[in-house]
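The values are calculated or read from the model by the stated rules, or taken from the named source; none is laboratory data. In this text, all values refer to a predicted model and were calculated from it rather than measured experimentally. We place every Cβ from the backbone using ideal geometry, glycine too, and count neighbours over all the protein chains shown.
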Amino acid sequence: MKQANFLSYHIRKWYSFVDDTLANETGVAADGEPVRKVAVAAVIQNPYAGVFSEDLGAIVGDSAALGEEFGRRLLVALGGQKALSYGKGCMVGALGEYEHGNGFLTTAFANPIRDVFGGGKSWIPSTGKTGAAGTTIDIPLASKDALYVRAQYNTMTLAFPDAPAPDEVVVIFAAATRGRIKARLGGLTLDKVVGNDGLH
């Protein structure tokens, strides 16, 4: 194992992404503020690369502190705006298991991020895959307070030019400040959501 540099983890690098969309695909200007989608990712050495272990404690053990650092970095990327939707994902190098990636994405990791976003009643959509450096991954986004708000469904597509190496996992969390531009498919809307307490 490489020397730990974040509690028990060896993090090789951090990524931050900011995507501001001012008009939709047909050129129609935003109905309100632009859509800001942000993502933070950490490239972490996989302590179980090449081996099978029933116990994944070396991944899960410090994941709450990892989530706190993700939350801090996500707030910086949001630039003072509020996150209304979120999603998470992982990309596992060839010597690891998809289960290893999921080990980084448990509730212990996610709850500190919920906290910095002011809470969240909905489960966090998640995805993952095994892949080589440069492989793209689509992170699904949905409302943090009411899963069935259709206008909040979105995706952030990401790629990491030099990650993951075979013995690494890329851990990813994404968020957006509003729904899609000119969303018009009906259904539940955010004005029907009562804070963090549920629906009318």
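Of note:
- Scanning region 159-168 turns up no residue that is in contact (Cβ under 8 Å) with a residue 60 or more places away in the chain, farther than 22 Å from residue 43 by Cβ and not in a strand (DSSP E or B).
- Hits in region 170-188 (condition: under 20 Å from residue 124 (Cα atoms) and either at pLDDT below 95 or in a loop (DSSP other than H, G, I, E, B) (or both)): 177, 178, 179, 180, 187, 188
- Within region 132-154, the set of residues being in contact (Cβ under 8 Å) with a residue 60 or more places away in the chain and among the polar types (S, T, N, Q) comprises 152, 154.
- Evaluation of residue 88 against (1) surrounded by fewer than 23 Cβ atoms within 10 Å (Cβ to Cβ); (2) modelled with pLDDT of 95 or more; (3) of a type in the set (Lys, Arg) (one fails), failing number: (1)
- When residue 50 is tested against (1) over 14 Å from the mean Cα position of the chain (by Cα); (2) more than 24 Å from residue 168 (Cβ to Cβ); (3) at pLDDT 95 or above, only condition (2) is not met.
- Set 115, 138, 162: member being under 11 Å from the mean Cα position of the chain (by Cα), surrounded by fewer than 15 Cβ atoms within 10 Å (Cβ to Cβ) and not hydroxyl-bearing (Ser, Thr, Tyr): 138
- A Cβ distance below 7 Å, combined with a sequence gap of six or more or placement on separate chains, defines the contacts here; from region 1-26, residues that are in contact (Cβ under 8 Å) with a residue 12 or more places away in the chain reach residues that are of a type in the set (S, T, N, Q) and assigned to a loop (DSSP other than H, G, I, E, B) in the pairs 10/3; 11/5.
- Subset of region 122-135 [part of a loop (DSSP other than H, G, I, E, B) and buried (at least 17 other Cβ atoms within 10 Å of the Cβ)]: 122, 124, 125, 131, 133
- Residue, farthest from the chain's Cα centre (by Cα), within region 1-27, restricted to residues that are part of a loop (DSSP other than H, G, I, E, B) and among the aliphatic types (A, V, I, L, M): 1
- Selection within region 11-44 - within 19 Å of residue 95 (Cβ to Cβ) and either surrounded by fewer than 20 Cβ atoms within 10 Å (Cβ to Cβ) or at pLDDT below 95 (or both): 11, 12, 13
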